[in-house]
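Take a look at the following structure, please.
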Amino acid sequence: MNSVLDTATQAPAASGRASSAPLLAPLQIGPITVATPVVLAPMAGVTNRAFRTLCREAGRSTGFDPGLYVAEMVTSRALVERNVEALRIVTFGEDETPRSAQVYGVDPATVGAAVKIIAGEERADHIDLNFGCPVPKVTRKGGGAALPWKRQLFTDIVKAAVDAAAPHGVPVTIKMRKGIDDDHLTYLEAGRIAESLGVAAVALHARTAAQHYSGQAEWEAIARLKEAVRTVPVLGNGDIWSAEDAVRMVEETGADGVVVGRGCQGRPWLFADLAAAFNGSGLRVRPGLREVADTVYRHGTLMVEYFDGDEGKGMRDLRKHMAWYLKGYAVGGEKRHELALINTLAELRERLDALDLDAPYPGDDAEGPRGRAGSPKTPHLPYGWLDSRDLSEEFEAKLREAELSVSGG
């Protein structure tokens, strides 16, 4: 396989910095030192072991230490029940270090039990808690980005996780949104509560649940959170489509690092750009279609390995990545459609080889936003949810239903 670094170019060092000067100090998450302060955001159906391998390999290929790569979110209930897929999510490759998992839950006891399994069985070195999911079927039950509105429930969940992980020396962090909407913001209070309870870092996706993924992330909110939370790192997330975006975010907000989500979909080599940029290098990867095709095929082989040799399952999971990988490249609709129907590695190889593999990097058409941004949505919440910051017994019972196999944030 040709390396995407075969098509790397040199970009001017941002803001005139010397090319040998790191942009930020290493990120310290409890006992874990992350030399390059870049975190792969957990994304459902995307950040499994196969994709994390590609991202980590890209980061390492620059010669700089890579960042932190978080697995798909696992629901606390599924993990406590020893669900096969849940256990697969928190199973890491031998070369993955540090190992990072994300847990979602709405019941403090269940979240604590799930964290105890991960930490006590040495399944991961770091645990993140998801308070950023804007999916209606979660928020309508009070979960995800809606949950910090109930401050005591938020407090109890964070405390249960920190207490369960502490005996095993595993740091706990949180990822959240600004709040439910602009009239019901929770991030500053939630950040201070989490800091007081002993979390090792807080990350903010600078959108509300109402924004979903639309519009622009309000980076100013990250700066305000940084002013409010003083003793642990604050990480920024939202609208990082390039290394230059990441650099600009930390310069404008004072964040201690960045969390990258949709910007790397179909573009694992973004972590090469990020590793270079945060270490003062102008190296940027600009792959032609041949390098992209080789990466797609490698992704396919890793997916089959991840699903224990099941080619059909691996290829079905890979299909959604095709549009992301081919964004901006001159590939006709018929060939894109064929690639979205692959069932075996042989089919994948055949259809990739049928592309114009000598096509160069297409420039700006391959850059920028990826995935569907959608439009603002009125958050779906339990009836009367916003009437009080306290949690009634009725709501507490309904929250148990929110522990679904969904993710986002």
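Scan (1) closer than 21 Å to E396 by Cβ; (2) hydrophobic (A, V, I, L, M, F, W, C); (3) open to solvent by less than 10 Å² (accessible area, probe 1.4 Å) for the single condition A164 breaks and write down its number.
(3)
In region 348-376, which residue that is more than 24 Å from R262 (Cβ to Cβ) and under 30 Å from the mean Cα position of the chain (by Cα) is most open to solvent (accessible area, probe 1.4 Å)?
P360
Right, here's the next one. Hey, any hits in region 323-343 for a residue that's within 30 Å of D181 (Cα to Cα), part of a loop (DSSP other than H, G, I, E, B) and under 24 Å from the mean Cα position of the chain (by Cα)?
no
Shifting gears a bit: Would you say A203 is within 23 Å of L79 (Cβ to Cβ) and either open to solvent by 10 Å² or more (accessible area, probe 1.4 Å) or not hydroxyl-bearing (S, T, Y) (or both)?
Taking the combined requirement at face value, the residue satisfies it.
Which residues, counting only those in region 343-356, are aliphatic (A, V, I, L, M) and without any contact (Cβ under 8 Å) to a residue 40 or more places away in the chain?
A346, A354
Turning to a different aspect of this structure: Tell me yes or no: at least one residue of region 163-180 is without any contact (Cβ under 8 Å) to a residue 40 or more places away in the chain and either part of a strand (DSSP E or B) or under 20 Å from the mean Cα position of the chain (by Cα) (or both).
yes
Same structure, new question: Need the failing condition index for M176 against (1) open to solvent by 10 Å² or more (accessible area, probe 1.4 Å); (2) touching a Phe, Trp or Tyr at 6+ places or on another chain (Cβ under 8 Å), just the number.
Every condition holds for M176 apart from (1).
Could you say which residue among K137, K150 is under 29 Å from E393 (Cα atoms), open to solvent by 30 Å² or more (accessible area, probe 1.4 Å) and of a type in the set (D, E, K, R)?
Answer to the selection: K137.
Give, as residue ranges, the strands (runs of 3 or more DSSP E) completely inside region 28-111 that count at least 1 residues that are within 24 Å of R370 (Cβ to Cβ), open to solvent by less than 20 Å² (accessible area, probe 1.4 Å) and at pLDDT below 95.
Result: 68-75, 100-104.
Given the criteria hydrophobic (A, V, I, L, M, F, W, C), touching a residue at least 12 places away in the same chain (Cβ under 8 Å), open to solvent by 10 Å² or more (accessible area, probe 1.4 Å) and farther than 30 Å from E94 by Cα, does A145 qualify?
Considered against the rule, which asks whether it is hydrophobic (A, V, I, L, M, F, W, C), touching a residue at least 12 places away in the same chain (Cβ under 8 Å), open to solvent by 10 Å² or more (accessible area, probe 1.4 Å) and farther than 30 Å from E94 by Cα, A145 comes out as no.
Can you confirm whether region 352-368 contains a residue that is in contact with a Pro (Cβ under 8 Å, 6 or more places away or on another chain) and in a loop (DSSP other than H, G, I, E, B)?
Yes.
Here is a further query. Every residue in region 102-126 that is within 22 Å of T139 (Cα to Cα) and among the hydrophobic types (A, V, I, L, M, F, W, C), please.
Result: V103, V106, A109, V111, A114.
For region 313-322, what are the residues that are more than 20 Å from the chain's Cα centre (by Cα) and surrounded by fewer than 22 Cβ atoms within 10 Å (Cβ to Cβ)?
K313, M315, R316
Show the residue pairs meeting these rules: Cβ distance below 8 Å; 6+ apart or different chains; first residue within region 14-39 and at positive phi; second residue surrounded by fewer than 19 Cβ atoms within 10 Å (Cβ to Cβ) and at pLDDT 95 or above.
Matching pairs, first to second residue: S15/E251; G30/G169.
Considering only region 112-142, state which residues are modelled with pLDDT under 95 and either farther than 23 Å from P233 by Cα or out of contact with any Lys or Arg (no Cβ under 8 Å at 6 or more places or on another chain) (or both).
If the condition is that a residue be modelled with pLDDT under 95 and either farther than 23 Å from P233 by Cα or out of contact with any Lys or Arg (no Cβ under 8 Å at 6 or more places or on another chain) (or both), then C133, P134, V135, P136, K137, V138, T139, R140, K141, G142 are the ones that fit.
The values are calculated or read from the model by the stated rules, or taken from the named source; none is laboratory data. Given the structure is predicted, the values throughout are model-derived calculations rather than measurements. Note: ideal-geometry Cβ built from the backbone for every residue, glycine included; neighbour counts use all protein chains shown. To get the accessible areas, we keep the full protein, side chains included, count just its heavy atoms, and leave off ligands, DNA and RNA. Shrake-Rupley method; radii C 1.70, N 1.55, O 1.52, S 1.80 Å.
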